[in-house]
1. Mind computing the radius of gyration and Dmax over the alpha-carbon atoms of the range 141-185? Å is fine for both.
2. Could you line up T104, T157, T16, T121 from fewest to most neighbouring Cβ atoms inside 10 Å?
3. Which whole-angstrom value gives the distance between the alpha carbon centres of the range 158-177 and the range 74-144?
4. Could you line up V154, V86 from fewest to most neighbouring Cβ atoms inside 10 Å?
5. What are the aspartates and glutamates whose alpha-carbon lies under 13 Å from the alpha-carbon of K81, with same-chain residues fewer than 8 places away excluded?
6. Of the labelled options (1) 1.29; (2) 0.94; (3) 1.06, which one gives Rg/Rh (Cα atoms, Kirkwood Rh) as computed for this structure?
7. Along each of its three principal axes, how wide is the spread of alpha-carbon positions in the range 62-149, in whole angstrom units, largest first?
8. When the dipole is taken about the Cα centre of the chain, and only Lys, Arg (+1) and Asp, Glu (-1) are charged at their Cβ, what size is it in debye, to the nearest 20?
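Bear in mind these aren't lab numbers, they're just calculated from the coordinates by the rules spelled out. Computed from a prediction, not measured in an experiment: that's the story for all the values here. Every residue, glycine as well, gets a Cβ built from its backbone with ideal geometry; the counts of neighbours run over all protein chains shown.
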Amino acid sequence: MDTGRPDGLTMAIPITEDEFLNAVRGIKRSAFRLEAEDSYALDYEREAFDRFLAGSPVPPPELDWWQPWLSRVAQWAGEGKTVSRVRVLAEPPTAYQRWMLWTTPWCARAGEDIRYLPRSTAERIGLPLDDWWLLDDEQVIVMRFTDGKIAGKVLITEPEAVAAYCMSRDIAIRNAALAESFAAV
């Protein structure tokens, strides 16, 4: 299966949601995510996003679907594991991305390092603009979306391909900025 990587190296294996969750939950050292979609249409987020749009946002620790992630990140941070993410921003950011910017402080307090990268910069530096997770620098999970909904996930473990994603992560982090840089958007 083609993952859309320009290097053509990867052999990707489709995985289930349970396999995906087990892989992320089982990290030994680190998890990194590149988020490249301008918005997501995940059913469980809808009410919280609508409240944000209406001007009465609910902080992530008060959302029953977000709290487990914050707790898990805090646990990992306490164990010396790192969780980081780079979000690619539309120019100007979409309403969904403004919501994510607003939620970043709670994630940061839990121990997640979230940075932001304008789409034009991401394209200029040649990042693979799919959503993907890099786990322990050993495996990559590429996530496919259609109209903001998850359409599938594939696992990549080929060392050369994983090394390419490690380089992409490093480039993304080096070129991204903390959320405070985008506070005025």
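1. Rg, Dmax (Cα atoms, Å): 14.7, 41.
2. Neighbour counts put them in this order, fewest first: T16, T157, T121, T104.
3. When both Cα centres are located, 13 Å separates them.
4. Sorted ascending by nearby Cβ count, the order is V154, V86.
5. By straight Cα distance, K81 reaches E112, D113, D136, D137.
6. Computed from the coordinates, Rg/Rh (Cα atoms, Kirkwood Rh) corresponds to (2).
7. If we take the Cα atoms of the range 62-149, the spans are 36, 32, 23 Å.
8. 460
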